[in-house]
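Report on one structure; see the data block that follows.
The values are calculated or read from the model by the stated rules, or taken from the named source; none is laboratory data. Since we're looking at a predicted model, the values are computed, not measured. Methodologically, a virtual Cβ is constructed for each residue, glycine included, from the backbone with ideal geometry; neighbour enumeration extends over all protein chains shown. These accessible areas exclude ligands, DNA and RNA; they are computed on the full protein's heavy atoms, side chains included. Shrake-Rupley method; radii C 1.70, N 1.55, O 1.52, S 1.80 Å.
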Amino acid sequence: IVYNAQKSLTLIIGGARSGKSSLAEKMASRHDRVLFVATAQAGDAEMAERIAAHKASRPDTWDTLEESLDVAGALARQSGNYDLVLIDCLTVWTANLMLEDESTIPDYDAASDALLRAYDEGDTSWVVVTNEVGLGVVPPSESGRAFRDALGRVNTTFARHADRVISMTAGLALDLKALGAVPWDQLDR
């Protein structure tokens, strides 16, 4: 399969347990050479169980790259030739950046730009998973609001850059750009 001729970036966004990862894995399963980029860290037993379940659900033929912070750098060091890179997920990656050094505020724009540059400089299609956390109640804590705002910026940057944005709600997929969705500043006034 030569997928590079049709390189694309797909962002899958939605709430928890909405089917995002299942859809991403189904899309990836159409390709022979897949690199799964896992951003989660097993900080407790429950998270270790989630990671183990995710690993067990993936085909043995897929390569896995575990990187919680420098995803762009890790992808640049990959020597494999892949048909598709699946990153799961931007939500955990953003949280990892936030928690790496709690005395400083990460430059989420620079981190997002570096990751998107890695995509632009490569010749492989990507499917990227993220959560939509901005539709609910305003978080009661300062750190919760800071995380919501940071992930909103990361998601906005990726959605603007993506060829396809799929919104997942209760297991239902909606292809936003195919329906004519555009960045707010590109709307006719």
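Taking every DSSP helix (H) stretch of at least 4 residues in the chain, weighting each as -39,500 (n - 2.57) and dividing the sum by the residue count yields a mean residue ellipticity at 222 nm of -12000 deg cm²/dmol.
What net charge do the residues around Thr39 carry, taking every other residue with its C-beta under 13 Å from that of Thr39, with Lys and Arg at +1 and Asp and Glu at -1? So the environment of Thr39 carries a net charge of -4. Across segment 159-176, computed HN-Hα scalar couplings (Karplus, 6.51 cos²θ - 1.76 cosθ + 1.60, θ = phi - 60°) run 5, 5, 7, 5, 6, 9, 10, 10, 9, 10, 9, 6, x, 9, 9, 10, 7, 5 Hz from first to last residue, x flagging Gly and Pro. Checking the a/c ratio against 1.5 first, then a/b against b/c, what shape does the Cα gyration tensor give for segment 32-133? Note, shape of segment 32-133 comes out oblate.
Each residue of segment 32-44 is assigned a 3J(HN,Hα), and the resulting list reads 6, 10, 10, 10, 9, 9, 9, 9, 6, 10, 7, x, 8 Hz, derived from the Karplus form 6.51 cos²θ - 1.76 cosθ + 1.60 (θ = phi - 60°), x at Gly and Pro.
When Rg and Dmax are taken over the Cα atoms of the chain, they come to 16.2, 51 Å. Computed extension gain for Asp32 through Gln6, at 0.36 nm per residue and net of the alpha carbon distance, reaches 7.9 nm.
Once each part is reduced to its C-alpha centroid, what is the distance from segment 49-77 to segment 153-183 in angstrom? Comparing the Cα centres of segment 49-77 and segment 153-183, I get a distance of 23 Å. In this structure, the amide hydrogen of Val37, modeled 1.01 Å from its nitrogen in the peptide plane, lies closer than 5 angstrom to those of Leu65, Leu86, Ile87, Asp88, counting only residues at least 5 positions away or on a different chain. In the context of the full set of protein chains, residues of the chain present 56 Å² of accessible surface per residue (probe radius 1.4 Å, heavy atoms only). FRET efficiency for the Asp113 to Lys55 pair, using the beta carbon distance and R₀ = 25 Å, is estimated at 0.25.
Here the label points at Ala173 and Ser141, each 7 Å from Cα along the C-beta direction, are separated by 3.5 nm in the simple model.
Can you work out the PRE-style zone for Asp163? Point 7 Å along Cα to Cβ, and I want the residues of segment 91-131 with backbone N under 18 Å. Under cut-off, by backbone N: 116-129. The phi-based Karplus calculation (6.51 cos²θ - 1.76 cosθ + 1.60; θ = phi - 60°) puts the 3J(HN,Hα) values of segment 13-26 at 10, x, x, 4, 6, 8, x, 4, 5, 4, 5, 4, 5, 5 Hz, whole numbers, x for Gly and Pro.
Kindly list the residues of segment 115-150 that lie in the label zone of Glu102, defined by a backbone N under 19 Å from the point 7 Å along the Cα-to-C-beta vector. Label zone hits: 139-150.
Summarising the label geometry, the points placed 7 Å from Cα in the beta-carbon direction at Glu121 and Asp70 lie 1.3 nm from one another.
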